[in-house]
Structures are given as structure tokens and as C-alpha cells.
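Heads up, the thing below is written out as C-alpha cells.
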Amino acid sequence: MKKELKFVVNGESYDLWVEPKTLLVQVLRDELGLKGTKWCCDSGSCCACAVILDGKVVKSCSILALQANGKEVLTIEGLANGTELHPIQQAFIDNWAFQCGFCTSGQIMATKALLAENPKPTREEIQLAMDGHLCRCTGYNMINEAIQDAAERLQTQKAQEGAK
Amino acid sequence: MSEYSIIGKPTTNVDGAAKVTGEAEYTFDMTLPNMLYGKLLRSPHPHARIVSIDTSEALKLPGVKAVITGKDTPGGKYGLWRRFSELSDQEALATTKVRFIGDPVAAIAATSEDIAEEALDLIQVEYEPLPAVFEPLEAIKDDAPLVHEDFENNINATRHIEWGNVDEAFKKADYVREDRFNLLGQHPAPMEVHSSVASYDKGSGRLTVWSSTQSPYFLQLGLADALKMREGNIRVIKPHVGGGFGGKNSTMPDSVNAAVLSMKTGRPVKIVFSREEEFTTTEHRTSMHLAIKIGLKKDGTLLAKEVKIITDGGAYTGLGATTLYLAGTWITFPYKTPSYRYDGFRTYTNKMWASSVRGFGATSALYASETQLDRAARDLGMDPLEIRRKNAMTPGYEAPGQYKVESCGLLPCIEKMEQRVKQKWSKLSKDEGIGFAAFAYMSGGIFNWIDTPYAFSGAMVKVNIDGTVDLFTQASDIGQGTNTVNVMICAEELGIGIEDIRLHPADTATTLTDLGAWGSRETLMNGNAVKAAAAEIKNKLIEVARLKLGENIVYDLDAKDKRIYLALRPERGFSYYDVVKDAIKGNDGEPLVGIGHYTPHRKGMVSPAFAMGIMGIRAKVDRETGQVEVKEVIAVHDCGQTINPLGARGQVEGSIQMGLGFGLCEDLPTENGLILNPSFVDYKLVRTREMPQIELFDVPTYDPEGPYGAKEAAEATTAPTAPALANAICNAVGVEFDSNVLKLEKVFKALKEKEAKEKGKRRR
């Protein structure tokens, strides 16, 4: 029997009825059409589906949609400010931190969560935080460099905002 | 140094914004109005005759719109080796017998994936199990069961390559050694699983297929053969693709059966593989037995090489026959080999079939040849870099009747490596070692097993009145950055900006044939086609500008930085945009269109140009556990003129990740034909914490055949990674391996064996 799911996704409120077995990733992709979040491994082991739930990064394939009831979800589609890319997105572009792009949404959302907690991570801290994210294209180093670049961009942005 | 405005400058991905915002649509993401979802019923037996299939119960399930078996398909056989009809051995659905665990026997289209899945259980298949064969050395025996009845001893393909007088050369050699290797396979494991959407239009009898493919053209031909349709009535569109790495060249049951189901139902049908299906029923790197014998002079000069390979092909051909040829070719690279003999055999077995995977024969072959060369160097008391330098190919080197190497920066690459290693790695800590492997790779293959009558690559450029350009090319960007490379080449040639060009990629209905993304071919081959198409426009514009200037015809004009001007007097010229307007308006509005194409000619049998290089790895071995830690990689490569340094570095980094997987942790163990680790939980990719930092050096050369002198940069560095690592392990702790995938238990066992042997010696 379907149950009510009230939650906020990328700043928009939704009121849906979903089967209890429905995964969060299924609601995001199939109900809301937010296909930037990928569903990749069927075993909770690649993190391509990572989104941010109440500030924490979660695998949207490994939690039920109803577990997001009353909560706020941020997906890749909610990261840019209108047509202006988020500094993390820009850093990923500038550092060639993706190739096929299939794991990228998950990588970027995890980066967002990581930098919120640790604004200046070392390479080792990045590797530790991003360890579950599988990527078959990049060999990870250019992702790690993008994350460090993004951290610097966010620091600069923060400093500039502070100066205003 | 560079006279180029765009070529050689780090350029961000033209698909970048789409990929970082989630807007990039993959076939996996697609839905069409009224679309159905397809699923495949697969054989649980490695080898069995199909006695009967009863689909009646499945058809009764509400939501099921069609159930098909082999006899409901048009019945065409298909494969990539179309030139040899007997090698077109695939069927949409098995009709008489199944040949591996996972061979599809029926397909369902339903209104949801869940219903389709449920309906699979309602199909009754009666099988008569047949004796199966799983190992190539068993498969060739006279009493082995036959996977395909027409192939004696299960021999699917053979290759013989020979030049020079091998037997005489071995007699002259001061040092001869023979080594045997058992090389394990590897799954390409792309992030996006095989996915296809097919939409058949009953009115016109035309079919459109969107697919996660590396080659829209190969898929168009595969579908035409399978469905017995005219290829022009099939349109294949490649949306963004979530990686391929060689595993998405063949026409697979997703696209064919989505097409058949769409033809039956009149509705679009989507088939997406599960990750388990991806691991167990899509193409992987072949495992092989390999024997290699070399003869050297005392000073390390290579005189003769003899190689025998038998590969475990699996149930069908794919590109496996090409892998067999290429393994026997790459194993001679990158060294001058005065005499060589190769005999290769590909066997059918009752397993998922092997095909092309990044490195395409080189990854396995070089593991053997590059670790063996280190053994020879040790015996001869030579430095591993010295023995490689001694035999390194040089510009113009030719293997008679096989290939010719034009540009070749191998010697400077080795020199750079030596210099950097002295600076960085002169002091090693305990149980650390360094190892090297040299490599070469093709910039596209000169093979036409697909039997195309078209040029290997084509491109079309249309210039609009405002100077914007529409570039049409079938080149397949599967993540490697070809879209960016093609836009850069077009922009450079026309002397305009990246932002002036809109790319229309990879649609067989609107673009000229290109054979696809395999064998690192797109930069050189499609790049040449794009350059030629743009050059046609440039020449038209230059003629218009020359007329406007009223200059003597001996003066040359350049198109650069959005201007067209006199080469010797750059201040005399016009804006590109003005010349475009004049060219169109002044010529009765004739469309400003350029067409380019490329096929290699007089370039031998292998490739028109070869990338070269050497890799060094520093690794540490934990003697207690056998755990190997890869500390650092130095890669020095010659990829000709780099088109996009950002993209080229990405390719090297990624190929090293895959090479390390081949060397350390990725394998596909089977039991009676069943793949035992079909998930990312059990199939271990190298993860970010295991990934070493890589120092990459570029030794530029200019290859006359490549666009702006470019060669490949996509796959070459996959191959040297695992042998360089094995050599580093040997350097650290003195153990040698005759196989890849050096998991800790394998290294631990080797260390214990070595210890026991040494103890034994001391006792004696």
C-alpha cells in the first residue's frame, strides 16, 4: 500500500504517494525526473547515486524513499545557482575531473558534503572521504585535484563575502 | 613554441557543463512516450540443447505485451567479423542450443521492469544439458564437446605471423630463454551498463535505436544483419555513454531484442542490463596461455622471438579474433625484432565470450614480454633500462610485411625516464622496488573485418552566415574526450574559437560513417576527417579573401584567430566573419559545406602511427602479508603532437587505473562456466586510496600521418602498468610471476616458496 512522502528536493516541496519498497533513487529519477543522480551497481557499492540528505551524503540506492520523509534532499540538479555553476562543478570542469561522467554527480555531491565538514582537506583526507566512489575513467587523481581546487575556490569565495 | 592557437592548449570538455549538472542524458536515463521495458531470460546451463520453450503463462501476466523466443526473431546471424560469414556467430536469441551461462533464450516486453522481471519466472524452458568445455587446452582435444558444430577442435580463429629466419637466429643467439604465462582476463566494468532503446515505425518500416555503444556504425550493421533489414532503414544514435573500454563494440542482446520487441509491439522498448548481467554476459578481456622464447646476443641485442598463444575465447567471436592478431603483434613492440614467428589460436569455450578491452591484446602480451625481458636482463647482468634502450625502435623501423613505425620518440622517452628516476628514486626504503616496462600502441587499426565500403572516418562542416559552425561527425565520445578533440581540430583549422562550433555527434542518419571508438582511432582517423572537412571550407574562404585583397597568387593566406590574412603581412586581411558573409552572399547563397574523410593507405597491416613510451613504478611489498602498495608512477609517452593535454593526461591516468587492476586485483574466476564475482562488492576495482600519484612527461614528436602530427593517447599506458609493477615487485623482494592479478595471497605464496627454496639451498 502506498504511503505519503512529504519532502523537499532542491528547495521544492513535494507531496507524493509511494510504495514502501521504493528506493529514494527511484523516486528521484522516475517520479521527479531528476536523472542526474545515477543508479549503477545494484549492490550499494559504487556511490554513483550519492545525494545529500539533511546535509549528509547518502547512497540514494540504499535508503527507502520514505526515510527521506520530512527531510531535505539536494541532488546534482540543485547545486548550480541558476545558470551559474557551483564552484565545485566549475573545479570539476577545469581539472578534467570526469570523462564519461556517469559517476560524476555522486562525486560532486560527496565533495559538497566533504567540504562542508572539512573545508581544507588534505589529499589523504579526500581519499578517505571519497573511497567508496568508484570511477572507471579518471584514475581518481584528477578528481582529487578538483576537490582541492574546489576547496580553495570556496575559501576564496567565503573570504570575499566576509570582506563585503 | 607552438604556432597553434588551440591545438596543444589545455581545453576543458565541450560536454563539461552537461556532465557536472546532471543534464547529460545517457541511454540508461532515456524514456520515450508509451515505452515498454524489456528483460531477457538467460540460460542457466553452460551448454544445452533447447528442447522446448513455453511462453503462454508469461503472456497471461497483466502488463506483459510481448514474449519472444529465437523463432520469433528475423533469425539473422551477426558479428563484427562480417568479412568472414562463418564468424558471424551470434543470434538475437538462441534457437537450437545455448553456449554459455547467460545465453539469452527469450525476451519480454512489459509496461514496467518489475512486471517484465516477474514474467521471466513464468517462462518454461526445457533444456537437454550437453557436455561443456571451459578451458582452451581442453577445448582443442579431439574428444572435446563442440561449442559450434562447424568448428573443428573448437578453433575459432588462428593467426600466423613470421618474418626473418627465426631458426637460424636462435642458433646464433648467445642467450635463449623460454617462459610460459597464464594471463587472466579482466572486465571493462563501465559505470553505465549496456542499455538500449529501440523504436520501430510501422508506417515507414524504419527503426531508431539509442544505445550505449562505442560504435554506432557497428551497431547499425549488427542490427541490419540480425534483423535482415537494409542498414539505411536503421538509425543508431549514441547519447552520452558511461564508459566502454572495449566492452561495447559488439551488437549485444539488449539492442537486438529491444528492436525485435519494438517491431512486435509497435511501441518503443528499453532494455537495460543489471550489473550482474553486465559482469556475466558482456564482453571482457580474454584470458590466455602464452609461451614466449627469445634469443639475445651477450650484449642484450634481440635476435629472435617466437610466441605461441592460445586464448580462451568463450562462446562467440566478438573482436576476439582481432585480439588474437594484436597480441601477436604487440608482443614484438616496442623493440627491433629481426626475426619473429607467431602462432595464435582462439578457442571457443562454454563461457561468456572475450573480446576487445583497453589495450586490445597489448595488455596481456606485454605482461609476458616485459617481465621476461627483465629476467633476461638480470641473467645478462644488464640494467633494465639499458636492455630496453639497446633494442628500442627508432623512427622508420619496419617489420617486413607487417608495420612501419614513422615517428618514434622511444629513445628520448627512455632517456627522460632514466634522468627522472635518478632524481627521484635513487634511495629506496626497505622492501621497496622499482620496475619498468616500455610500450607502444596503435592510433587506430588498419583492419576491415567489418567489411565497410566507406572511408574509415568522415566529417562534415557547415558554416552559417554568422560564422557559427555545425560540425557533424560519427566519432564516438564514450568519455575519452573525442568530442572536445574534434571541436579543437575544427576550430584550429578554421582559425576560429571553440565557442563558434556546435557539434552534432554520433548519429548514423546525419553523420558520415566512422568506425567508432576502439583501437585509439578517433584522434588520428576522425581527427583527419574533421581537419579535411574544415580545410575545404578554409580553402574556399581563403579564395574569397584573396579576391577581395586582389593579391598576386604567389602570396599565401592564413586563417587564424578569427582572421584571414596574408601570411607574410598579417596586418593585411579580413575578419573571418566578414569573409564568411562574402563567401555565401557572393556565391548565389551556395551552402558553405565541407566534407572530409580518411582511410589509411600504404601504412602496412596494423596502424598508420604508433604511440611510444616507458613506464616506471615504485612499489613496496609487505613481506608479512604479501600486500603490494603502489607508491608512485612515472609515465613518459610520445603521443605525437598532443591535441588536448588535459584530455591526454586523463587518458593516461585512467588507463593506469585499469592496468593496475589487471596487475593487482581484477579477475573473473569461474566455476563450471559460472562467473563467481559479478558485482562491485566482489569484483575489485582500484579505488582512490589505492591509486598512486602519477608523474607524466610528454616527449613530443610529429607524425606525418596524424592531424597536426597527433598520435594516440588513450590506451597505450594500460599495457605497461602491470608488467612494470611485477618488475618492481621482483626488484623489491625477488619473486617472479607467470601470471597477473598479484593479490596478496599470490605474492605471499611466492615469498614463502622463495624462502623455502633458499633454506633448502643452505641445508645442502
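Just a few scattered comments:
- Hits in the range B:35-48 - residues which are more than 14 Å from every other protein chain (Cβ to nearest Cβ) and in contact with a Pro (Cβ under 8 Å, 6 or more places away or on another chain): B:Leu36, B:Leu40, B:Leu41, B:Arg42, B:Ser43, B:His45, B:His47, B:Ala48
- Every test in (1) out of contact with any strand residue (DSSP E or B) (no Cβ under 9 Å at 6 or more places or on another chain); (2) within 8 Å of chain B (Cβ to nearest Cβ); (3) surrounded by 20 or more Cβ atoms within 10 Å (Cβ to Cβ) is passed by A:Ala146 save one, and that test is (2).
- Index of the failed condition, A:Ser60 passing every other in (1) within 14 Å of A:Gln107 (Cα to Cα); (2) buried (at least 22 other Cβ atoms within 10 Å of the Cβ); (3) in contact (Cβ under 8 Å) with a residue 40 or more places away in the chain; (4) more than 9 Å from chain B (Cβ to nearest Cβ): (3)
- Taking the range B:116-187 and the strands (runs of 3 or more DSSP E) fully enclosed by it, the elements with 3 or more residues that are more than 34 Å from the chain's Cα centre (by Cα) and modelled with pLDDT of 95 or more are at B:124-129.
- Any hit, the range B:94-115, residues being within 14 Å of another protein chain (Cβ to nearest Cβ), free of Cβ contacts under 8 Å to residues at least 12 places away in the same chain and under 30 Å from B:Arg563 (Cα atoms): no
- Flag for A:Leu134 being within 23 Å of B:Val630 (Cα to Cα) and either at pLDDT below 95 or crowded, with 21+ Cβ neighbours inside 10 Å (or both): yes
- Screening the range B:493-601 for strands (runs of 3 or more DSSP E) wholly inside it with 1 or more residues that are closer than 22 Å to B:Leu221 by Cβ returns the ranges B:501-505, B:592-598.
- Enumeration of residues in the range B:1-19 that are among the acidic types (Asp, Glu) and facing chain A (nearest Cβ under 9 Å): B:Asp15
- Of the residues making up the range B:343-359, those that are of a type outside the set (A, V, I, L, M, F, W, C), touching an Asp or Glu at 6+ places or on another chain (Cβ under 9 Å), surrounded by 24 or more Cβ atoms within 10 Å (Cβ to Cβ) and not in a loop (DSSP other than H, G, I, E, B) are B:Arg346, B:Thr347, B:Tyr348.
- Qualifying residue in the range B:20-34 (condition: in contact with a His (Cβ under 8 Å, 6 or more places away or on another chain), more than 30 Å from B:Ala132 (Cβ to Cβ), within 14 Å of chain A (Cβ to nearest Cβ) and assigned to a helix (DSSP H, G or I)): no
- B:Glu432 being in contact with a helix residue (DSSP H, G or I) (Cβ under 9 Å, 6 or more places away or on another chain), of a type outside the set (Phe, Trp, Tyr), outside the structural domain of B:Leu541 (by TED's automatic domain parsing) and at negative phi: yes
- Qualifying residue in the range B:288-307 (condition: in a helix (DSSP H, G or I) and either at negative phi or not aromatic (Phe, Trp, Tyr) (or both)): no
- So B:Ala635, is it modelled with pLDDT of 95 or more, under 25 Å from B:Ala491 (Cβ atoms) and assigned by TED's automatic domain parsing to the domain that holds B:Glu690: no
- Where a residue in the range B:595-624 is free of Cβ contacts under 8 Å to residues at least 24 places away in the same chain and farther than 28 Å from B:Gly435 by Cβ and its partner, wherever it lies, is part of a loop (DSSP other than H, G, I, E, B) and of a type in the set (A, V, I, L, M), with Cβ under 8 Å and at least six apart: none
- The set of residues from the range A:73-87 being buried (at least 21 other Cβ atoms within 10 Å of the Cβ), within 8 Å of another protein chain (Cβ to nearest Cβ) and assigned to a loop (DSSP other than H, G, I, E, B) comprises A:Thr75, A:Leu79.
- Those residues of the range B:577-617 which are more than 30 Å from B:Ala648 (Cβ to Cβ) and aliphatic (A, V, I, L, M), in sequence order: B:Val579, B:Val580, B:Ala583, B:Ile584, B:Leu592, B:Val593
- Test for A:Gln90: is it facing another protein chain (nearest Cβ under 9 Å), farther than 18 Å from B:Glu25 by Cα, free of Cβ contacts under 8 Å to residues at least 40 places away in the same chain and polar (S, T, N, Q): no
- For the range B:147-180, filtered to residues that are free of Cβ contacts under 8 Å to residues at least 12 places away in the same chain and over 30 Å from B:Thr301 (Cα atoms), the residue that is surrounded by the most Cβ atoms within 10 Å (Cβ to Cβ) is B:Glu152.
- Every test in (1) in a strand (DSSP E or B); (2) crowded, with 23+ Cβ neighbours inside 10 Å; (3) of a type in the set (D, E, K, R) is passed by A:Asp15 save one, and that test is (2).
- Considered as a group, the residues in the range B:236-267 that are away from chain A (no Cβ under 14 Å) and surrounded by fewer than 24 Cβ atoms within 10 Å (Cβ to Cβ) include one that is nearest to B:Gly654 (Cα to Cα), and that residue is B:Ile237.
- Filtered by the rule that a residue be under 12 Å from the mean Cα position of the chain (by Cα), more than 20 Å from B:Tyr26 (Cβ to Cβ) and among the β-branched types (Val, Ile, Thr), the range A:93-135 gives a lone residue, A:Thr111.
- When the criteria are applied in full, B:Val606 meets the requirement of being within 22 Å of B:Trp330 (Cβ to Cβ) and within 36 Å of the chain's Cα centre (by Cα).
- Applying the set (1) without any contact (Cβ under 8 Å) to a residue 40 or more places away in the chain; (2) in contact with a Ser or Thr (Cβ under 9 Å, 6 or more places away or on another chain); (3) at negative phi; (4) assigned by TED's automatic domain parsing to the domain that holds B:Phe181 to B:Gly361 leaves exactly one unmet item: (3).
- The range B:385-437, subset polar (S, T, N, Q) and either free of Cβ contacts under 8 Å to residues at least 24 places away in the same chain or in a loop (DSSP other than H, G, I, E, B) (or both), residue nearest to B:Ala710 (Cα to Cα): B:Ser407
- Options B:Ala719, B:Ala714; residue that is within 11 Å of chain A (Cβ to nearest Cβ), in contact (Cβ under 8 Å) with a residue 40 or more places away in the chain and crowded, with 21+ Cβ neighbours inside 10 Å: B:Ala714
- Number of the exception - A:Gly70 against (1) part of a helix (DSSP H, G or I); (2) touching a residue at least 40 places away in the same chain (Cβ under 8 Å); (3) away from chain B (no Cβ under 13 Å): (1)
- Which listed residue, of B:Leu668, B:Leu660, is modelled with pLDDT of 95 or more, touching a His at 6+ places or on another chain (Cβ under 8 Å) and buried (at least 22 other Cβ atoms within 10 Å of the Cβ): B:Leu668
The values are calculated or read from the model by the stated rules, or taken from the named source; none is laboratory data. Note that the structure is a prediction, hence the values are computed from the model and not measured. So basically every Cβ, Gly included, is an ideal-geometry build from the backbone, and we count neighbours across all protein chains shown.
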